[in-house]
Amino acid sequence: MELKYFQLQIMNERARRCSNHVDPDELGYMRFNGESKLGPSPCQKIKATSKVRDFYLPSSDLGSRLIMSTQVKNILEEYRDDNLTFIHCPLTNGAQLMNDFWITDVKIFNDEVVDFERSKFKLIEGWIEKEVNGIATEFGERVTEIHFHNPDELKAFEKKNLNYLSTIKTVKLALKKDCKFSFFYLKSFGIFDMIISSEIKNRLHIRNLDKGVEFKPIEISGEEWYGPNGIRKQFYK
């Protein structure tokens, strides 16, 4: 049976660092090029008036990671244990220190599950049209639909053809029908959310662990979901 997948989007407040002091041995920014700096997690804090949730985004210096409760961590570990490192993350709610939270580091990305034949991409080409005293003042842009057959073809095109004013935008992402991962991350498509199956989504809901979280169906484009008449409004206020 083909699984349904959702982007796990955190709508709760973003946590902040408890202190401006930076320990050179502590956890650093999570980069999507395999160069993450691992170490103990710096203490994170949420507002004293905030209700405690099971998901948070960390302070911006920690990049595209997730902070999650032990309950969520335990659910994920039932499905796979190869693609994430969980690092204990001290989290404060006012004066209360909570020790049952974890921050993630992605070890494995699964771009191979993308069905390129059914996915849609746009090439946005940009260039400088006018300069004044060596400073660019006017720019041109052209947007065209583009297709790729696999991740290697996409990466090769980006390396050979894109300048700093050009990019490839994922319009609509389709997954292979035989994808069996219950949750995973993608590296090359501008989607930094954790992607989860409907089974995990349902388990989070049953256990009331999804407060402050939204689930965007992966097969629905951003325009269809967020647009003026977007589908999102049917599910979230």
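The values are calculated or read from the model by the stated rules, or taken from the named source; none is laboratory data. Everything numeric here is computed off the predicted structure, so don't read it as measured data. Counting neighbours? That spans all protein chains shown, and the Cβs are built from the backbone with ideal geometry, glycine included.
Scanning the range 55-78 for any residue that is more than 16 Å from the chain's Cα centre (by Cα), of a type outside the set (Val, Ile, Thr) and at pLDDT below 95 turns up nothing. Which of the residues that make up the range 80-89 are surrounded by 16 or more Cβ atoms within 10 Å (Cβ to Cβ) and either in a loop (DSSP other than H, G, I, E, B) or not assigned by TED's automatic domain parsing to the domain that holds SER182 (or both)? Answer for the range 80-89, where residues must be surrounded by 16 or more Cβ atoms within 10 Å (Cβ to Cβ) and either in a loop (DSSP other than H, G, I, E, B) or not assigned by TED's automatic domain parsing to the domain that holds SER182 (or both): ASN83, CYS89. If you go through the range 99-126 and keep only what is farther than 30 Å from LYS172 by Cβ and either outside any strand (DSSP E or B) or hydroxyl-bearing (Ser, Thr, Tyr) (or both), you end up with ASN99, ASP100.
From the residues in the range 27-36 that are buried (at least 16 other Cβ atoms within 10 Å of the Cβ) and over 14 Å from the mean Cα position of the chain (by Cα), which one is modelled with the lowest pLDDT? Looking at the filtered set, the residue picked out is SER36.
Pairs are defined by a Cβ separation below 8 Å, a sequence spacing of at least 6 or placement on different chains, a first member in the range 122-133 that is under 26 Å from SER221 (Cβ atoms), and a second member that is not in a strand (DSSP E or B); the pairs so defined are LEU123/SER166; ILE124/SER166; GLU125/LEU165; GLU125/SER166; GLY126/ASN163; GLY126/LEU165; GLY126/SER166.
Residues considered: ARG207, ARG203. Of these, the only one that is surrounded by fewer than 17 Cβ atoms within 10 Å (Cβ to Cβ), of a type outside the set (Gly, Ala, Ser), in contact (Cβ under 8 Å) with a residue 40 or more places away in the chain and farther than 26 Å from PHE116 by Cα is ARG207.
Selection of strands (runs of 3 or more DSSP E) fully inside the range 127-234 by the criterion of at least 2 residues being within 23 Å of the chain's Cα centre (by Cα) and on the phi < 0 side of the Ramachandran plot returns 167-172, 194-197, 213-217.
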